[in-house]
Amino acid sequence: MKYMKVRPISKNIIDRFIDKFKERHPHELEDVFYNGYCYHFAKLLQERFGGAIIFNNKEIHFALWIYHHIDDEIGNNGDVYDIKGRNIIKDSTDWWLWDDYIKAFPDEAKEIKWSCINKNII
């Protein structure tokens, strides 16, 4: 599993970055990046802050997981972010590391890549 190194940052810095990102058009950006382009926002956060992209197979939603230790489990340790900011995970069994999901369910992942990530245009 490839993890991007997590930079030493405060939780507030990520929340402030997200708030600043959607400062001028909060409702429109939340709609776009929560309902359809969530992978791309998670990727943007990953490039800026490190962490791992995770996928909720029930909601078909991507987010960024900032973990504290490599052995942490999603939902039990670390913080999860999407366009709405820091999230509380109620059921961690619905969340997968995206790379693990690709390996476990290659056919489903291919369809998700085509329809959600590439938007049927690539």
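The values are calculated or read from the model by the stated rules, or taken from the named source; none is laboratory data. Please read all numbers here as calculations on a predicted model, not as lab measurements. When we count neighbours, we look across all protein chains shown, and the Cβ atoms used for this are built from the backbone with ideal geometry, even at glycine.
The table that follows gives values for the structure above.
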item: W65 being at pLDDT 90 or above and out of contact with any Asp or Glu (no Cβ under 7 Å at 6 or more places or on another chain); result: no
item: Any pair with Cβ under 7 angstrom, 6 or more apart, that starts in segment 35-61 at a residue that is farther than 11 Å from Y81 by Cβ and ends at one that is among the hydroxyl-bearing types (S, T, Y) and assigned to a loop (DSSP other than H, G, I, E, B); result: A52/Y3; A52/Y67
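Residue-by-condition table, conditions (1) outside any helix (DSSP H, G or I); (2) modelled with pLDDT under 95; (3) surrounded by fewer than 16 Cβ atoms within 10 Å (Cβ to Cβ):
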site	(1), (2), (3)
Y81	yes, yes, no
R86	yes, yes, yes
I89	yes, yes, no
T93	no, yes, yes
I102	no, no, no
E108	no, no, yes
K113	no, yes, yes
C116	no, yes, no
I122	yes, yes, yes
